[in-house]
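Written below as structure tokens is the structure these notes are about.
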Amino acid sequence: MRNMRSLKAGLILPALILLLLAFSVIYPAWGQQAKASSAITANTYDKYLKPCSCYGGTLKLAMPSAVTTLNWWVAGTDWDLIPLEMIYDRPLRIINGSPTWEVATSLEYSEDYKVLTMKIREGIKFHDGVELTAEDVAFTINVLANRSWPYYHGYFTSVDRAEAVDKYTVKIYFKNPDAGFILNALPVMNIMPKHIWEPLLQTYGDQLAKYSPKPEELVGSGPFKFVEHVSGQYVRFVANKDYWMGRPCIDELILVIITDANVAVLAIQNGEVDAFLWGVDPAVAKTLETYPNIKIHARLSESFRHWGLLTTVWPLNISKFRLALSYAVDREVLVNDVLLGYGMVGSPGVVGPFGYCAPWYNPNVEKLVYYDPKKAAQILDEIGFTDKNGDGWRDGPRGEPVVIEIYSPTPGYDPVRARVAELLKEFLANIPGGGIKAEVYYYEWATLWPMIREGKVMTWLLGSGWSADISWLYTRFHCPPGGSSNWAKYCNPEVDKMLEELRSSFNETRRKELAWKIQEILALEAPVVNLYYQAFPTPYRTDKFENWFITPSDTLSNRINMLRLSLKSSLCPTPITTPKPTPTTTPSPTTSAAPTTQPTTSPTPPPTPSSTPSPTPTTSVGGPDYTLAVVAAVLVVVVVAIVLLVLRRR
């Protein structure tokens, strides 16, 4: 018996030791894997880039509006941002709907999501030869976070500060967690050279918002170097032959300003420009499709084309009045008769059912607000807006005259919006029991855009883009100054609280609940009347340059086109063998890319607008790998079984 007890003790003790060893080895490894789940994954440029088959040529792209500023901090319209995009690099970029590493090589959150660590590439040089370091990244973030006048300030209001830990590491500290920061802020953030802009900031302070940089100050680390800007005519660049990702295939890029869409179409037809970066009239697009050397890229824009309402002026400060306007608009007519099918009816809750927004879209809002002029009349009657003098037009509750001013770009710049403005006027006039009088005003876009931003117009027609994470709603609809792009000046404390939680929460279920509720409120309070989601038919020529990178979600001026558009071999002055570009793959496990739709690099027919959703980007690696946990569990079972077997043989 004594020998049996000794045997049991001899077996149980090693078994317990084995159990402890198993957990001492496996548990830390499992914990490390769980912790690694806060690291971010993204694609690399290797996925998209081809070697150049030819160096040379001048690419000419037409833009429909003059450049109003080359000061990136305050640039907000596409026609200011596109020229600047050629000069600068970003931490990461959204390509074909997915995040792609650019200057950053890794991103990892702390456990409480209040610190984000960014590693950047070594050896990147600005155009003047100065190395891009963590100091430049931290400087850019701090200006965006601490100054209220930068255009993208709204994406950085959650940031407390950024610090350069070492030459290639940045730590970003948040006041509160920001679930949308990586997908919304970093892909639009050009990295500005600290050695140029810090002295300017010290000299001018907040007046830097009005500063026009000198040519020698337009220095970035991007694929093109700025040469000159002739106001109202063109912006010219030359290839950065020392670009860290490999020089562009073309030698020169010229952005030609053509403010009349009809003239731009003739320039495309005659081969004077290689592409037009703005949508042409849908009827004209049908004609251009018949030309053998012209293709149409009908990209369904990730933006909501809306009728903006300044909510601080009477009678637009009355939410029910705005709701009546929304009921009066026939969105189907706009899509079918004006867009000719190049688009989709806009959701009254703003968020669209495609692209980045698809997972967040609330279909129930379509049942809340729809085309119903009788409903519009009923609401107006209830709030006292009736025809009091029998002239056919509704007056205010006290007999005040009511005239809605609608501001639109000129027909030459955007014939679609010009026609929509006239139709809105008709819709209001046709409200039963008395119409709402409206007047339409046309302005050049370069003039109208500042008027919208400064709150100087009553209503306007505008397209506002959304970002990859749903917290973009914060910048558009939070009460200013938090809502830095809230041109309607809309304020609702209940919505503000929900928007703040939407941005700070990393719980996807809760975030979806919030997003759905916010859409319902926006539909019923109508700070904007969302009209449609537009597919812009943008023409480009295929007889001179090849390797067009065409995807459902990227514009013609996307970074891949700018790097790899190449003269056709028959036009190449001296065909050469191009060395492969510097690999951009990061040797870290955090850069493993989730599969995405493989883009085409050759021209394709224009896609059907309603069926071109872009992949929804993700910034999470997912849960930890449970393989080691399973192994540990198996060992525990084995050890327990041994112990039970020994005890049973007593």
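The values are calculated or read from the model by the stated rules, or taken from the named source; none is laboratory data. Just so you know, these numbers come straight off a predicted model, no measurement behind them. Ideal geometry is used to build each Cβ from the backbone, glycine not excepted, and the neighbour counts take in all protein chains shown. Keep in mind that these areas ignore ligands, DNA and RNA; they rest on the heavy atoms of the full protein, side chains included. Shrake-Rupley method; radii C 1.70, N 1.55, O 1.52, S 1.80 Å.
The condition (being under 18 Å from ASP554 (Cα atoms), open to solvent by less than 40 Å² (accessible area, probe 1.4 Å) and modelled with pLDDT under 95) is satisfied by just one residue among GLY97, GLY31, GLY76: GLY97.
In the stretch 222-258, what count of residues is obtained for those that are assigned to a loop (DSSP other than H, G, I, E, B) and not hydroxyl-bearing (Ser, Thr, Tyr)? Going through the stretch 222-258 one residue at a time, the tally reaches 16. If the condition is being open to solvent by 20 Å² or more (accessible area, probe 1.4 Å), in contact with a strand residue (DSSP E or B) (Cβ under 9 Å, 6 or more places away or on another chain) and more than 22 Å from ALA275 (Cα to Cα), then the stretch 45-69 contributes only LYS47. Whether any residue in the stretch 176-183 is among the aliphatic types (A, V, I, L, M), within 21 Å of ASP89 (Cα to Cα), open to solvent by 20 Å² or more (accessible area, probe 1.4 Å) and touching a residue at least 60 places away in the same chain (Cβ under 8 Å) is what I want to check. No: the stretch 176-183 contains no residue that is among the aliphatic types (A, V, I, L, M), within 21 Å of ASP89 (Cα to Cα), open to solvent by 20 Å² or more (accessible area, probe 1.4 Å) and touching a residue at least 60 places away in the same chain (Cβ under 8 Å).
Taking the condition free of Cβ contacts under 8 Å to residues at least 12 places away in the same chain, open to solvent by 60 Å² or more (accessible area, probe 1.4 Å) and of a type in the set (S, T, N, Q), does ASN389 pass? Here the answer is yes, as ASN389 does meet what is asked. Here THR105 clears all of (1) within 20 Å of the chain's Cα centre (by Cα); (2) in contact (Cβ under 8 Å) with a residue 40 or more places away in the chain except the condition numbered (1).
Scan the stretch 535-574 residue by residue and report those that are open to solvent by 10 Å² or more (accessible area, probe 1.4 Å), polar (S, T, N, Q) and in contact (Cβ under 8 Å) with a residue 24 or more places away in the chain. Hits for the stretch 535-574 are THR538, THR542, ASN547, SER553, THR555, ASN558, SER569, THR574. A search for C-beta distances below 8 Å between a residue of the stretch 242-271 that is within 30 Å of TYR442 (Cβ to Cβ) and free of Cβ contacts under 8 Å to residues at least 40 places away in the same chain and any residue that is open to solvent by less than 20 Å² (accessible area, probe 1.4 Å) and assigned to a strand (DSSP E or B), counting only pairs 6+ apart in sequence or on different chains, returns GLN269/ILE294.
Of the numbered criteria (1) assigned to a loop (DSSP other than H, G, I, E, B); (2) surrounded by fewer than 14 Cβ atoms within 10 Å (Cβ to Cβ), the one THR203 fails is (1).
Can you report the number of residues in the stretch 304-316 which are open to solvent by less than 40 Å² (accessible area, probe 1.4 Å) and among the hydroxyl-bearing types (Ser, Thr, Tyr)? Before you say what the answer is, go through the steps one by one.
Start the filter on the stretch 304-316 by keeping residues that are open to solvent by less than 40 Å² (accessible area, probe 1.4 Å), which leaves 304-311, 315-316.
Imposing the further condition that a residue be among the hydroxyl-bearing types (Ser, Thr, Tyr) reduces the set to 311.
Selection size over the stretch 304-316: 1.
The listed residues are SER301, SER326, SER319, and the only one of them that is buried (at least 20 other Cβ atoms within 10 Å of the Cβ), in contact with a Pro (Cβ under 9 Å, 6 or more places away or on another chain) and of a type in the set (S, T, N, Q) turns out to be SER326. Assessment of the stretch 150-169 against the conditions (surrounded by fewer than 18 Cβ atoms within 10 Å (Cβ to Cβ), of a type outside the set (Phe, Trp, Tyr) and either under 21 Å from the mean Cα position of the chain (by Cα) or modelled with pLDDT under 95 (or both)) yields no matching residue.
Do we have any residue at all in the stretch 79-90 that's β-branched (Val, Ile, Thr), open to solvent by less than 10 Å² (accessible area, probe 1.4 Å), more than 25 Å from VAL263 (Cα to Cα) and part of a strand (DSSP E or B)?
Restricting attention to the stretch 79-90, the residues satisfying the condition of being β-branched (Val, Ile, Thr) are 82, 87.
Subset that is open to solvent by less than 10 Å² (accessible area, probe 1.4 Å): 87.
Retained after the next criterion (residues that are more than 25 Å from VAL263 (Cα to Cα)): 87.
From what's left, part of a strand (DSSP E or B): none.
No.
From the list LEU499, LEU531, LEU524, LEU514, the one residue that fits, being of a type outside the set (Gly, Ala, Ser) and in contact with a Gly (Cβ under 6 Å, 6 or more places away or on another chain), is LEU531.
Candidates in the stretch 365-386 are the residues that are open to solvent by less than 30 Å² (accessible area, probe 1.4 Å) and either in contact with a helix residue (DSSP H, G or I) (Cβ under 7 Å, 6 or more places away or on another chain) or in contact (Cβ under 8 Å) with a residue 24 or more places away in the chain (or both); of these, the one that is nearest to VAL350 (Cα to Cα) is VAL365.
Just one of the numbered conditions (1) crowded, with 24+ Cβ neighbours inside 10 Å; (2) of a type in the set (Gly, Ala, Ser); (3) more than 13 Å from the chain's Cα centre (by Cα) is not true of SER484: (1). Mind telling me which of the residues LEU81, LEU92, LEU144 ends up being of a type in the set (A, V, I, L, M) and closer than 26 Å to GLU444 by Cα? Result: LEU81 is the single residue among LEU81, LEU92, LEU144 that is of a type in the set (A, V, I, L, M) and closer than 26 Å to GLU444 by Cα. Would you point out the residue of the stretch 222-241, among those that are farther than 23 Å from LYS568 by Cα and touching a residue at least 24 places away in the same chain (Cβ under 8 Å), that is surrounded by the most Cβ atoms within 10 Å (Cβ to Cβ)? My answer is GLY222.
Test VAL219 against the criterion of being part of a strand (DSSP E or B) and either free of Cβ contacts under 8 Å to residues at least 40 places away in the same chain or crowded, with 20+ Cβ neighbours inside 10 Å (or both), and give yes or no.
no
Among residues of the stretch 489-508 that are part of a loop (DSSP other than H, G, I, E, B), those with a Cβ under 7 angstrom from a residue that is open to solvent by 60 Å² or more (accessible area, probe 1.4 Å) and modelled with pLDDT of 95 or more, sequence gap 6+ or separate chain, pair up as LYS489/THR312; PHE506/TYR113.
Considered as a group, the residues in the stretch 115-153 that are hydroxyl-bearing (Ser, Thr, Tyr) and assigned to a loop (DSSP other than H, G, I, E, B) include one that is farthest from THR475 (Cα to Cα), and that residue is THR133. Which is of a type in the set (Ser, Thr, Tyr), more than 20 Å from the chain's Cα centre (by Cα) and surrounded by fewer than 21 Cβ atoms within 10 Å (Cβ to Cβ), of TYR342, TYR291? Within the list TYR342, TYR291, the selection yields TYR291. Do the conditions hold for TYR356, that is, is it aromatic (Phe, Trp, Tyr) and surrounded by 24 or more Cβ atoms within 10 Å (Cβ to Cβ)? For TYR356, the condition - aromatic (Phe, Trp, Tyr) and surrounded by 24 or more Cβ atoms within 10 Å (Cβ to Cβ) - is met. Of the residues making up the stretch 134-193, those that are closer than 23 Å to SER38 by Cβ and among the small types (Gly, Ala, Ser) are ALA134, ALA138, ALA145, SER158, ALA162, ALA164, ALA179, GLY180, ALA185.
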